[in-house]
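Asks: Structure provided below as structure tokens; questions to follow.
FYI, it's all coordinate maths here, none of it is from the lab. Owing to the predicted nature of the structure, the values given are computational and were not obtained by experimental measurement. Neighbour counts run over all protein chains shown; Cβ positions are idealised from the backbone, glycine included.
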Amino acid sequence: MPSTRPPRVEVHALLQTFPEGEIFQLLRDQVLAHSSVDPGKQWASSSSYLTFDKRTLTHGAMLEAVEAAFAADRAMQDALRKGCRDVVEALAGGDGSASARRIVELGEILERHERPDHAAACYDKALALSRGLSDSGPHLLALRRIARLSQAYGELDRACTHYETAYGLARDSRDAAECSASATGLGNVKVDQGKWEEAEQHYTAARLHAEEAGDDFQMGQLWNNLSVVRRRMGDLEGATDFSSRAIRIFEALGDAGELARCHNNLGLIQVEQREFARALHSYEKAVSLATRPYVVAAVRGNLCELYQREGQYLLAEEQGRLGEEIALRHGFVLILIHIYRLLGTLSRLREDPNGVTFFEKALEVSHRHNYLHAQAEVHFDYGLFRSGFGDADEANGHFEKARSIYRQLDARTDLQRVEERLAALSCGP
């Protein structure tokens, strides 16, 4: 007797059925979160280069995705309603400082729900409302939120300007905590630009301000940030020392989540030292300590890269797919892009030309969300992929696109890396 069960529907077919636009973004997110690999195709050879658009949903999962999308929308609306009521109460009480802070909080709600334009409008309004207040806190907070949002969407010069303004005002008001937060933001932007020395200067200043403020948590995070920078500068001994300092602080604070981040970073250092067994132990410890799915997904990506280096391609693919699953479940877009870059690179190592699907999907996602640095990274790795298969013209095109974005971002280290590749291509085989 034939089955009357409705057939599974592929993600791309479902997404193409609904129109584009912000109102349907939550539904897109939930469709991805509720999708899975079709059990009937799990062992097919094509499953090795499956991307999220070929995942499927049962009839029940599709209905669950719709309900989850509108539940998420209701949760956002409820949070915004409460936030607006808080603004009204602050206004009624004649508290301009509280009003500005509540407007910032509305922006934070919108930012968490991927409404960057609306979030930016809230931050700009809070900035205007907080000018001239005796309490500088709301103004500094608005500046930092504008900077953070600008950085997330590749407007690094604008991010720097707002962080620098915040830092100057915080120094004038002798607010050590705000100085530390703004200097940390500047360091983060310099990391995105690959300006390691400048990043180190800002992180060091931020750490000293955090010490002045007596903020052990912030100091621990900054030691970890400094460790990351030292690793990128090639000083693995210094990176290990700074990582150990961060770990000691978070062990004393009993903060498992931050310890997970530290051990993940320590694993990256150990990979550079070619101490793969120790790196594996650090990554496993990070997973066991992690309190947030984002950290677990990031570690899975690092494990994928570690196993690639060791030539254990099956284990690399397994870890990559685990990271992909978490990224799709929780909407971690940047992690998903990174995982697809890694799976594309794995295809290159396996000499499998079908890996183009990973790079194409990573480019599609990074364009949709306007993550410029991620786009450049995908183009760079795609160039390596094309070059590996002898397609010099395609490789050159992707390297050129990466170079253009890196120039736009003033990402000097990355720019040097892609310039070297272009020079090598121009010399021929």
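Asks: May I ask you to compute the full-extension gain from residue 408 to residue 288, defined as 0.36 nm times their residue separation minus their alpha-carbon distance, rounded to one decimal in nm? Mind showing how you got there, number by number?
Replies: Numbers: separation 120, 0.36 × 120 = 43.20 nm, distance 3.93 nm.
Stretched out fully, the residue 408 to residue 288 stretch lengthens by 39.3 nm.
Asks: Pop the C-beta distance of residue 394 and residue 92 into the FRET formula with R0 = 60 Å and round what comes out to the nearest 0.05.
Replies: The computed FRET efficiency comes out at 0.45.
Asks: Multiplying the sequence separation of residue 121 and residue 251 by 0.36 nm and subtracting their Cα-Cα distance, what value in nm do you get?
Replies: Extending this stretch completely gives an extra 42.8 nm.
Asks: Estimate the FRET efficiency between residue 367 and residue 244 by the formula 1/(1 + (r/R0)^6), using the beta-carbon distance for r and 30 Å for R0, to the nearest 0.05. Don't skip to the answer; put the middle values down first.
Replies: On the way: r = 40 Å, r/R0 = 1.34.
That pair, residue 367 with residue 244, gives E of 0.15.
Asks: Kindly put 399, 217 in sequence by how many other C-beta atoms sit within 10 Å of each C-beta, fewest to most. Mind dumping the intermediate values first?
Replies: Values: 399 25, 217 13.
Placing the least packed residue first, the sequence is 217, 399.
Asks: Separate question: Order these peptides, 250-258, 238-246, 139-147, by their mean beta-carbon neighbour count within 10 angstrom, highest first. The partial results should precede the final answer.
Replies: On the way: 250-258: 15.1, 238-246: 20.2, 139-147: 25.2.
Packing proxy ranking, top to bottom: 139-147, 238-246, 250-258.
Asks: In percent, how large is the relative contact order of the range 92-168, given Cα pairs closer than 8 Å and 6 or more residues apart?
Replies: 26
Asks: If you don't mind, another one. Could you work out the helix-only [θ] at 222 nm for the chain, with each DSSP H run of four or more residues adding -39,500 (n - 2.57) and the total divided by the number of residues, to the nearest 500 deg cm²/dmol?
Replies: After summing the helix terms and dividing by the residues of the chain, the value is -26000 deg cm²/dmol.
Asks: Which helices count as membrane-span-like in the chain under these terms: full DSSP H, at least 30 Å along the axis by C-alpha, Kyte-Doolittle mean of -0.5 or more?
Replies: What comes out of the filter, once short or polar helices are dropped, is 59-92.
Asks: Neighbour counts of other C-beta atoms within 10 Å: give me 192, 78 arranged from fewest to most. Working shown, then result.
Replies: Values: 192 20, 78 11.
Least crowded to most crowded, the residues run 78, 192.
Asks: What dipole magnitude, in Debye to the nearest 20, does the chain give about its Cα centre under +1 on Lys/Arg Cβ and -1 on Asp/Glu Cβ?
Replies: Using only the charged Cβ atoms, the result is roughly 440 debye.
Asks: If each residue's Cβ is checked for other Cβ atoms within 10 Å, how do 102, 131 rank with the fewest at the top?
Replies: Lowest to highest Cβ neighbour count: 131, 102.
Asks: Could you tell me how far the Cα centroid of the range 281-359 sits from the Cα centroid of the range 68-97, in Å?
Replies: 38
Asks: Just to confirm a number: summing +1 for Lys and Arg and -1 for Asp and Glu over residues other than residue 419 whose beta-carbon lies under 15 angstrom from that of residue 419, what do you get?
Replies: Details: positive: 401, 403, 407, 412, 417, 421; negative: 400, 410, 414, 420.
Spelling it out: positives minus negatives among the neighbours equals +2.
Asks: Return a whole-number percent for the relative contact order of the chain, with Cα pairs under 8 Å and 6 or more residues apart as the contact set.
Replies: 9
Asks: Taking 8 Å as the Cα distance limit and 6 or more residues as the minimum spacing, I'd like the relative contact order of the range 148-290 as a percentage. List each step's numbers first, then the result.
Replies: Numbers: 188 pairs, mean separation 20.9, N = 143.
It rounds to 15 percent for the range 148-290.
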